[in-house]
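To start, the structure itself, in structure tokens.
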Amino acid sequence: MSHAPGKGPSATTLIHHPYEAPGGFDAVVPGVHKGSTVLFRNVADLHSRQWMDKSGYTYGLHGTPTSFTLEERLATLEGGLQCLLTPSGLSAISLVDMALLQSGDEVLLPDNAYGPGKDFARVELARWGVTTRCYDSQDAASLAALITPATRLVWLEAAGSVTLEFPDLLGLLRVCRQHPQLVVALDNTWGAGLAFNAFALDPGEGLPQGVDVSIHALTKYPSGGADVLMGSVTTRSPELHKRLKLCHMRLGLGVGMDDVAAVLRGLPSMPLRYAAQDRSAREIAQWALAQPQVAQVLHPALAGSPGHSHWAGLCTQAAGLLSLQFDLRYSAEQVHAFVDALQLFGIGYSWGGPMSLAVPYDLRSMRQHPAPSLHAGTLVRLCIGLEDTADLIADLQQALNHCLPA
């Protein structure tokens, strides 16, 4: 297109420029394809192109080559067949709830589940006539006693949020599989698709294997940079995937392709980072066991930590999280001062990034039922990053010496 002499190109020329870059560009990192509008060749193409089966592109909200690539890689990572991306881990949980539950249904949650997910069930789902009850993740009989004809969805979480008890996954799954109406969903953020295969869990007795849905907060280990919010929902059943995908579409859930590209970039290094943070967390956990100020160290790989035998039966890795339960002789204010005195640990939520983090919690406000396996006292969850382990231990030691005299 031409333009008048002495004048710059018109907007039309810039928008409809005839140049097309040559094909065939290939690189290690997948390209970033982003756009709301997707162009069609003609009206027939507009009317015939499908997005549900990933055979074509119709609108940016339904995916681009970049998001399709991440979904397929995550499905392989988790042992599933289909995957959906959501704006956060919490939105992945709420999507499963909304897609699979209706008024009159009941959902069962472990009492140590992720707090915002519990709040969504207790507040939002309750407004829509869905009942929520909590069970003890260490006791399959506790779950069995709660199941009624109205129960439609059971959530599992491994390990438990903040307190890191590892559940009896096989026993819980065995209970669920005796009730064909139940859908079993797992929050697999801690395991990251690396600690165990959620879709291959075998409850025995000839019962169906594996969970039905695995959600993952990609914000954590897959991103690895502490700079992305994203979640995923992975399944193996085409019928279940369709229910989730249609609800996903109707809710207008979407993710930014720059964020997708960041997760794609972090994914190949995730096994290395996960293993490094696991090793560091175990060393710090062993150090913490010897500290007189610490009444209990919660880490699934430690003998004596709640659920250790369940972890040992399924896993060889244990992520980079541990929690310290401080002796009752120390007040909450003293424990908070210990956290404030840390120099290398940031104070902030989330985990899986390069910087170590510390957050104190009051368990009394987080549980419906008593937890006899947990010591009383103020708890601090440590999320171990990629710093040198010796430096982190030295930092913890100086904060203990300064704020919590033995």
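The values are calculated or read from the model by the stated rules, or taken from the named source; none is laboratory data. These numbers come from a predicted model, not from an experiment. So basically every Cβ, Gly included, is an ideal-geometry build from the backbone, and we count neighbours across all protein chains shown.
Count of the range 233-253 residues, restricted to those that are touching a Ser or Thr at 6+ places or on another chain (Cβ under 7 Å) and assigned to a strand (DSSP E or B), is 2.
Within the range 200-215, the set of residues being in contact with a helix residue (DSSP H, G or I) (Cβ under 7 Å, 6 or more places away or on another chain) and not in a loop (DSSP other than H, G, I, E, B) comprises V213, S214, I215. Among the residues of the range 295-304, those identified as closer than 17 Å to C383 by Cα and free of Cβ contacts under 8 Å to residues at least 40 places away in the same chain are V297, A301, L302.
Touching a residue at least 12 places away in the same chain (Cβ under 8 Å), closer than 30 Å to R250 by Cβ and either among the aromatic types (F, W, Y) or not in a loop (DSSP other than H, G, I, E, B) (or both) - does that describe any residue in the range 31-45? Show your work before the answer.
Within the range 31-45, the first condition is being touching a residue at least 12 places away in the same chain (Cβ under 8 Å), and the residues that meet it are 31-38.
Now narrow it down to the ones that are closer than 30 Å to R250 by Cβ: 31-38.
Now narrow it down to the ones that are either among the aromatic types (F, W, Y) or not in a loop (DSSP other than H, G, I, E, B) (or both): 37.
Yes, the range 31-45 contains at least one residue that is touching a residue at least 12 places away in the same chain (Cβ under 8 Å), closer than 30 Å to R250 by Cβ and either among the aromatic types (F, W, Y) or not in a loop (DSSP other than H, G, I, E, B) (or both).
Would you pick out the residues in the range 158-187 that are touching a residue at least 40 places away in the same chain (Cβ under 8 Å) and closer than 18 Å to L100 by Cα? Result: V183, A185, D187. Taking the criterion of being modelled with pLDDT of 95 or more and either in a loop (DSSP other than H, G, I, E, B) or in contact with a helix residue (DSSP H, G or I) (Cβ under 7 Å, 6 or more places away or on another chain) (or both), the residues of the range 304-315 that qualify are S305, P306, G307, H310, L314, C315.
Could you tell me whether the range 164-187 includes any residue that is of a type in the set (V, I, T) and in a loop (DSSP other than H, G, I, E, B)? Steps first, please.
First, pick out the residues of the range 164-187 that are of a type in the set (V, I, T): 175, 183-184.
Those still in the list that are in a loop (DSSP other than H, G, I, E, B) too: none.
No: the range 164-187 contains no residue that is of a type in the set (V, I, T) and in a loop (DSSP other than H, G, I, E, B).
Can you find, within the range 254-294, the residue that is surrounded by the most Cβ atoms within 10 Å (Cβ to Cβ) among those that are in contact (Cβ under 8 Å) with a residue 12 or more places away in the chain and not in a helix (DSSP H, G or I)? The extreme case among them is V255.
Listed by position, the helices (runs of 4 or more DSSP H) inside the range 47-138 whose residues that are outside the structural domain of Y349 (by TED's automatic domain parsing) and farther than 19 Å from G160 by Cα number at least 1 are 65-78, 89-100.
Taking the range 1-30, which residues are at pLDDT 85 or above and in contact with a Pro (Cβ under 7 Å, 6 or more places away or on another chain)? Write out each step before concluding.
Taking the range 1-30 and keeping what is at pLDDT 85 or above, we get 10-30.
Residues satisfying the conditions do not exist here.
Scanning the range 65-94 for residues that are in contact (Cβ under 8 Å) with a residue 12 or more places away in the chain and either hydroxyl-bearing (S, T, Y) or on the phi > 0 side of the Ramachandran plot (or both) yields T66, S67, T69, G79, T86, S88, S91, S94.
Yes or no, residue by residue, for (1) surrounded by 13 or more Cβ atoms within 10 Å (Cβ to Cβ); (2) in the same structural domain as G320 (by TED's automatic domain parsing); (3) within 17 Å of E333 (Cα to Cα):
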position: W351; (1), (2), (3): yes, yes, no
position: S356; (1), (2), (3): yes, yes, no
position: R364; (1), (2), (3): no, yes, yes
position: P372; (1), (2), (3): no, yes, no
